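Supplied in structure tokens, the structure appears directly below.
The values are calculated or read from the model by the stated rules, or taken from the named source; none is laboratory data. Because the structure is a prediction, the values reported are computed rather than measured. As a convention, Cβ positions derive from the backbone with ideal geometry for all residues, glycine included, and neighbour counts pool all protein chains shown. Each accessible area value is taken on the protein alone, full model and side chains, heavy atoms only, with ligands, DNA and RNA left out. Shrake-Rupley method; radii C 1.70, N 1.55, O 1.52, S 1.80 Å.
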Amino acid sequence: MEDRGGAASSAEGDDTLARLQLAALDAVANAIVFTDARGTIFWVNAAWASMTGYSRDEVIGQNPRILKSGAQDKAFYAELWRTVLAGRVWRGELINRRKDGSTYHEEETITPLCDAAGKVTHFVAIKQDISERKRVEQRLRESEERALRAAQELTVAKERAESADKIKSAFLATMSHELRTPLNSIIGFTGILLQGMAGPINPEQKKQLQMVRDSSRHLLALINDVLDISKIEAGQLEVRCEPFELSPVIERAVASVRPRAEQKGLALEVSAPAGLAPVSSDARRVEQVLLNLLSNAVKFTDHGRVSLEVAADAERVSMTVRDTGVGIRPQDLAALFQPFRQLDTGLSRNHEGTGLGLAICRRLAELMGGEVRAESEWGGGSAFTFVLPRRRGAP
Amino acid sequence: MTRHVLLIEDNEQNRYLTTFLLQQRGHQVTSAVSGPDGIELARRVPFDLVLLDIQLPGMDGYAVAAALKADARTRAIPIVAVTSYAMVGDREKVLGAGAQGYLEKPIDPETFGSEIERYFAPRGAP
Ligand SMILES: Nc1ncnc2c1ncn2[C@@H]1O[C@H](COP(=O)(O)OP(=O)(O)OP(=O)(O)O)[C@@H](O)[C@H]1O
Ligand SMILES: [Mg+2]
């Protein structure tokens, strides 16, 4: 026992202290209930009353089981009683029901009070409403579950996309094979016949076989374009990075369009600096881009000239194909590089082609770390510049 | 100098074409229409080169190349693969499977013969 001053005032002091303690218990935020050994309530504080919705008068003499929500089973309560009747403190969470019928979560500590013989005489229960915390926890759990579900869905979607990609590239491979196999023999046999390897042919046969060869080469070019654009879109296009000399590549591309330029009476000029240093890139794709730009220039020019100007610095080579052809309207310049887009040139005759050339050029140039730019004036010719880094950058 | 080439190709027209081009240059050609047939032939006949189509039905060219390279009887024969895929990594895959050369279809009849001849081992070499 503590020393509370003079013995004379002791009884009065005890009384005052008990009143103060009760006032303090009544004022705390935790709900407090006193019961006898059977659980019959004989005192509750204000917090208990506001937590449960029952007034003090209503519950004195009652058993706390009036708060039971039924959410917890018999075994749960049996364990609780076993603990406290054995004189041990019980701590746990209860789901209870307020007077108005609503349920709430409480965290509760029940302390048994024992007499000198060790027999339980009273219980003190201190509790606090943790419904809000439960709600937050629940929400947290739900959002964790949602995140988990989203992650699982993402994995499934990713796997599905990957298998779609696989199907796409398998389809492209099959198409490529199925289309090239017959073309391989058409082009091959035509070449054999034209070269006289299978015996002499007369001039008319030769002329017709040349037409077969030109048509099949054209068909091959179309198939290649369609496959290229599909491969680019499926992320399946291979771009090499190997050192090579640019001059022969340029010469080959120019030589391919020369016959057509001559037929149309166009001058075809190349100006390149002497001693062009080798570049590290994809020779075949560089040639493809140049050839596309050159054949467009020849195709869309009826009078004048087509030129290829090559300029190089330490970092990059730029190749500009300039023509004196129909030109491109300013509003059409933006659509130029979209696949399958052929502009209305205002000319009466139709130009052959699929409108894939420039779309492929731009994507190829980008895959090699460079770009293709267009400048043009309607009726005043066009200039397409292909910029190629000397070393291919990261794709 | 006459060499003996094993052609493994399933397409009849392409088989005729390739055979014609190689015979024009004086070589002898034996052809097989499937991978297993080709492997079987290669084990029995001392070929100078195998011209292998990659897109074969059933056992594909990669598997054929691997099988030829795994067998002591056929390991030394140079393989030139012919493919019409030209997809990402094809070349690496073909060379990784043990082929020495790689050609894409369509072939150019003017240069085909001389391209193939580059892969013959020099005569007298083991
Ligand atoms: N040098 C040019 N002068 C004028 N117009 C051009 C020129 N180059 C391209 N164009 C316009 O841009 C369009 C798209 O060009 P692109 O090369 O993509 O297709 P195409 O040449 O019509 O067909 P493809 O190249 O697939 O055979 C052309 O149809 C044409 O209208
Ligand atoms: Mg074009």
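Taking 25 Å as R0, compute the FRET efficiency from the Cβ-Cβ separation of A:ARG258 and A:ASN202 and round it to 0.05.
It comes out at approximately 0.35.
So what are the radius of gyration and Dmax for the Cα set of chain A, in Å?
45.4, 146
Averaged over A:183-193, how many beta carbons belonging to a partner chain fall within 10 Å of each residue's beta carbon? Provide the component values of the computation, followed by the final result.
Values: counts 3, 12, 11, 3, 6, 13, 5, 1, 9, 6, 1.
For this peptide, the per-residue mean of nearby foreign Cβ atoms is 6.
If I model a spin label as a point 7 Å beyond the Cα along the Cα-Cβ vector, how far apart are those points for A:ALA86 and A:GLU371 in nm?
Calculated label separation equals 8.0 nm.
What is the gain in length, in nm to one decimal, between A:PHE42 and A:ARG240 on full extension, counting 0.36 nm per residue of separation less the C-alpha to C-alpha distance?
62.3 nm
To continue, here is another question. What distance in nm lies between label points placed 7 Å from Cα along the C-beta direction at A:GLU159 and B:ALA70?
Placing both labels 7 Å beyond Cα along the Cβ direction yields 3.0 nm.
List the relative contact order of chain B as a percent without decimals, with contacts defined as Cα pairs under 8 Å and 6+ residues apart.
23 percent
Okay, next question. Greater than 27 Å separation of Cα atoms is the criterion. Which listed pairs, A:LYS231/B:LYS69; A:LYS158/B:LYS105; A:LYS206/B:LYS105; A:LYS207/A:LYS299; A:LYS99/A:LYS127; A:LYS158/A:LYS231, meet it?
On the way: A:LYS231/B:LYS69 31 Å; A:LYS158/B:LYS105 34 Å; A:LYS206/B:LYS105 24 Å; A:LYS207/A:LYS299 23 Å; A:LYS99/A:LYS127 17 Å; A:LYS158/A:LYS231 20 Å.
From the list (A:LYS231/B:LYS69; A:LYS158/B:LYS105; A:LYS206/B:LYS105; A:LYS207/A:LYS299; A:LYS99/A:LYS127; A:LYS158/A:LYS231), the Cα-Cα distance tops 27 Å for A:LYS231/B:LYS69; A:LYS158/B:LYS105.
Using only the Cα atoms of chain B, build the gyration tensor, take square roots of its eigenvalues as a ≥ b ≥ c, and label the shape rounded, prolate or oblate: rounded if a/c is under 1.5, else prolate if a/b is larger than b/c, else oblate.
Since a/c stays below 1.5, the shape of chain B is classed as rounded.
Also: Output the direction-averaged projected area (hull surface divided by four) of the convex hull of the alpha-carbon atoms of segment A:136-233, in nm².
Average projection, Cα convex hull of segment A:136-233: 7.7 nm².
With labels modelled as points extended 7 Å from the Cα through the Cβ direction, what inter-label distance (nm, one decimal) is found for A:LEU333 paired with A:ASP15?
Going from the A:LEU333 label point to the A:ASP15 one covers 10.4 nm.
Another question, if that's okay. Once all Cα-Cα distances of segment A:246-395 are split into 5 Å bins that start at 0, what whole-number percent is in each one?
2, 10, 20, 24, 21, 14, 7, 2, 1, 0
Which FRET efficiency value, to the nearest 0.05, do you get for A:LYS68 and A:ALA24 by plugging their Cβ-Cβ distance into 1/(1 + (r/R0)^6) with R0 = 25 Å? Please report the intermediate quantities before stating the final value.
Details: r = 29 Å, r/R0 = 1.18.
Computed FRET efficiency for A:LYS68 and A:ALA24 comes out at 0.25.
How large is the accessible surface per residue of chain A, computed with a 1.4 Å probe and reported in Å² as a whole number?
Values: 22520 Å² over 395 residues.
Accessible area per residue: 57 Å².
Just A:PHE340, A:PHE300, A:PHE76 to compare: in a GNM of chain A, with alpha carbon springs under 10 Å, which one fluctuates most?
A:PHE76
Something else about it: Using a Förster radius of 35 Å, what is the FRET efficiency between A:SER271 and A:THR354 based on their Cβ-Cβ separation? Nearest 0.05, please.
On the way: r = 31 Å, r/R0 = 0.88.
Computed FRET efficiency for A:SER271 and A:THR354: 0.70.
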